[in-house]
Amino acid sequence: MTREITMIVVHCSATRCNHPYTVHQLYHDHVEVNHWRYIGYHFFISRDGKVHATRPLERMGAHARGWNAHSIGICYEGGLDENGYVADTQKKAMEKLIVQLKIQFPGIRTILGHRDLPGVQKACPCFDATTLQPLLHLNCKY
């Protein structure tokens with residue numbers, strides 16, 4: 001792989017927890033609506049905790065303008081409660097994925113939420129993704 005990966009950017013689908021948002025719907029939004037070649041995120045984690053590889057890691061993402069060249073994009077389904085308010089939804093599968101990615105790409109130094117990037121005016125990923133930073137310092141497999 002020729003990309004130097006130094007960062008993980010976490011996103012959410014910003015969908016309500018009582019309305020499923022499938023990989024097929026994500027594909028539709030990114031490829032059929034936005035006319036991108038692939039889904040913009042490298043991984044999508046559905047509510048059942050399944051991790052879906054949605055974009056080859058060799059390819060630069062389309063998830064964080066200006067930061068895609070050296071990052072991996074992870075999106076999880078949800079982010080909002082039944083009433084549309086920001087909610088901290090499932091993260092266990094995401095934590096495991098982050099540890100696996102750090103083992104695969106030891107150059108990863110930073111985990112940020114989309115909202116933490118300069119100029120971004122969104123609540124995405126609906127929780128403080130910087131709290132995941134300690135996962136990069138684990139010396140064992142998850």
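The values are calculated or read from the model by the stated rules, or taken from the named source; none is laboratory data. All figures in this text were calculated on a predicted structure; none of them were measured in a lab. Please note: Cβ atoms are built from the backbone with ideal geometry, for glycine as well, and neighbour counts cover all protein chains shown. Side chains included, ligands, DNA and RNA excluded: accessible areas come from the protein's heavy atoms. Shrake-Rupley method; radii C 1.70, N 1.55, O 1.52, S 1.80 Å.
What to note about this one:
- Qualifying residue in the range 60-71 (condition: farther than 21 Å from residue 110 by Cβ, without any contact (Cβ under 8 Å) to a residue 24 or more places away in the chain and open to solvent by 60 Å² or more (accessible area, probe 1.4 Å)): no
- Test: residue 102 is assigned to a helix (DSSP H, G or I), surrounded by 13 or more Cβ atoms within 10 Å (Cβ to Cβ) and not hydrophobic (A, V, I, L, M, F, W, C): yes
- Checklist (1) touching a residue at least 40 places away in the same chain (Cβ under 8 Å); (2) β-branched (Val, Ile, Thr); (3) exposed (fewer than 13 other Cβ atoms within 10 Å of the Cβ) applied to residue 33, failing item: (1)
- Residues that are surrounded by fewer than 18 Cβ atoms within 10 Å (Cβ to Cβ), under 30 Å from residue 106 (Cβ atoms) and over 14 Å from the mean Cα position of the chain (by Cα), drawn from the range 5-30: 6
- Among (1) in contact with a Pro (Cβ under 9 Å, 6 or more places away or on another chain); (2) assigned to a strand (DSSP E or B); (3) small (Gly, Ala, Ser), the one test that residue 66 misses: (2)
- Entirely in the range 5-59, the strands (runs of 3 or more DSSP E) that have 1 or more residues that are in contact with a Ser or Thr (Cβ under 7 Å, 6 or more places away or on another chain) and not hydrophobic (A, V, I, L, M, F, W, C): 51-53
- Qualifying residue in the range 101-109 (condition: among the small types (Gly, Ala, Ser), touching a strand residue (DSSP E or B) at 6+ places or on another chain (Cβ under 8 Å) and in contact (Cβ under 8 Å) with a residue 40 or more places away in the chain): no
- Within the range 72-88, considering residues that are open to solvent by 10 Å² or more (accessible area, probe 1.4 Å) and among the aliphatic types (A, V, I, L, M), the one farthest from residue 17 (Cα to Cα): 86
- Residues located in the range 110-132, provided they are open to solvent by 40 Å² or more (accessible area, probe 1.4 Å) and either in a loop (DSSP other than H, G, I, E, B) or in contact (Cβ under 8 Å) with a residue 40 or more places away in the chain (or both): 110, 118, 119, 121, 122, 123, 128
- Check on residue 54, open to solvent by 80 Å² or more (accessible area, probe 1.4 Å), under 20 Å from residue 102 (Cα atoms) and polar (S, T, N, Q): no
- Residue check: residue 95 meets all listed conditions (1) under 28 Å from residue 138 (Cβ atoms); (2) touching a strand residue (DSSP E or B) at 6+ places or on another chain (Cβ under 9 Å) but one, namely (2).
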